[in-house]
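The values are calculated or read from the model by the stated rules, or taken from the named source; none is laboratory data. Just so it is clear, the model here is predicted, and its values are computed rather than measured. In this analysis, Cβ positions are derived from the backbone assuming ideal geometry, glycine residues included, and neighbour counts consider all displayed protein chains. Keep in mind that these areas ignore ligands, DNA and RNA; they rest on the heavy atoms of the full protein, side chains included. Shrake-Rupley method; radii C 1.70, N 1.55, O 1.52, S 1.80 Å.
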Amino acid sequence: MPQIELSQVSYNYPVRDGVSLKAVKNLSFSVERGEFVALVGMNGSGKSTLAKLLNGLFVPTSGTVKIDGLDTSDEANTFEIRKRVGMVFQNPDNQNVATIVEDDVAFGPENLGIERQRIIERVRSALEAVGMSDYAKHSAAKLSGGQKQRVAIAGVLAMQPEIIILDEATAMLDPVGRREVMDVVRKLNEQGITVINITHNMDEAARASRVIALRRGRLAIDGAPEDVFASDLLDACGLTLPPSVSLANELSRRGFDKMNVIDEDGLVEEICKQLR
Ligand code: ADP
């Protein structure tokens, strides 16, 4: 059984000014446990709406979303689904609910009604997983953007999710913060947590195991990064290639052999190999 299963999913926002907006149209795909999916597409293509459909915040207007076989439209499953699917949002300042880091991380498990001693253990191990143990007693407000997002991830981890959805979680961070967060997310994925990373950053998309591109609420491209980067539909989806891939393509046009690269490391390796 796939961990995430969408079948013919559509979602209409409620009618406004006489029009009902179909934000997601007829989406069908599934995700297996442990995948690292980058979800890309231009603004308004339906990514955030899809994220909210995945954690049961929205239920489909038609079609079904199942998490571990649990149908999100059945209210009896809501609690279980929220526990399994953690979300991290764009603005770090909107996510810290308590002033002290460890209280912030404890907030989720407290809401799940978990007993005190187990919460303490979970908070400790969640902060350790994101490399923020030294900051447990610090004020959340004084952290850098990357640190705040790592604390937000720890808050999600303390609920012991099986899936983490990041909705543009690195968009407001500087390159250092972005790297910190992506390193943590990659490590969690290696430990078996499924990751859905909604991003505009194509270098981040290149590092996913699978890229799904939405266009006007529909699934436009779905494949390994190298296949997606070679797709004719990239332009239509409003996506640009990662710099290393477009440089590789340009070099091929100027006489180098065709290069199959997705990142800087691959590019450097290819150039060295071909020059030798
Ligand atoms: P993305 O995350 O890819 O930018 P969204 O899922 O936010 O896309 O939006 C998809 C479509 O739904 C857009 O056309 C957007 O204007 C519309 N939309 C998003 N949120 C709402 C809302 N609360 N009410 C009505 N329409 C919305």
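The table below gives the values:
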quantity: Gln160 vs. criteria open to solvent by 30 Å² or more (accessible area, probe 1.4 Å), part of a loop (DSSP other than H, G, I, E, B), touching a Pro at 6+ places or on another chain (Cβ under 9 Å) and farther than 23 Å from Asp263 by Cβ; calculated: yes
quantity: Hits in region 21-33 - residues which are near the ligand (Cβ under 7 Å from one of its atoms) and either within 13 Å of the chain's Cα centre (by Cα) or surrounded by 20 or more Cβ atoms within 10 Å (Cβ to Cβ) (or both); calculated: Ala23
quantity: Filtered residues of region 34-54 (kept if surrounded by fewer than 21 Cβ atoms within 10 Å (Cβ to Cβ), under 14 Å from the mean Cα position of the chain (by Cα) and in a loop (DSSP other than H, G, I, E, B)); calculated: Gly34, Glu35
quantity: Members of region 198-217 that are away from the ligand (no atom under 13 Å from the Cβ) and under 18 Å from Met87 (Cβ atoms); calculated: Glu204, Ala208
quantity: Selected residue (criterion: most open to solvent (accessible area, probe 1.4 Å)) from residues of region 1-11 that are modelled with pLDDT of 95 or more and part of a loop (DSSP other than H, G, I, E, B); calculated: Pro2
quantity: Given (1) within 15 Å of the ligand (Cβ to nearest atom); (2) surrounded by 20 or more Cβ atoms within 10 Å (Cβ to Cβ), index of the condition Pro14 fails; calculated: (2)
quantity: Region 177-191: number of residues that are touching a helix residue (DSSP H, G or I) at 6+ places or on another chain (Cβ under 9 Å) and either among the polar types (S, T, N, Q) or open to solvent by less than 80 Å² (accessible area, probe 1.4 Å) (or both); calculated: 9
quantity: Residues within region 74-100 that are surrounded by 15 or more Cβ atoms within 10 Å (Cβ to Cβ) and hydroxyl-bearing (Ser, Thr, Tyr), tallied; calculated: 1
quantity: Residue pairs meeting the criteria (Cβ under 7 Å; at least 6 apart or on separate chains; first closer than 15 Å to Ser45 by Cβ and part of a loop (DSSP other than H, G, I, E, B), in region 224-236; second at pLDDT 95 or above and of a type in the set (Lys, Arg)); calculated: Ala236/Arg215
quantity: Where a residue in region 50-61 is on the phi < 0 side of the Ramachandran plot and its partner, wherever it lies, is of a type in the set (D, E, K, R) and near the ligand (Cβ under 10 Å from one of its atoms), with Cβ under 6 Å and at least six apart; calculated: Ala51/Asp167; Phe58/Lys52
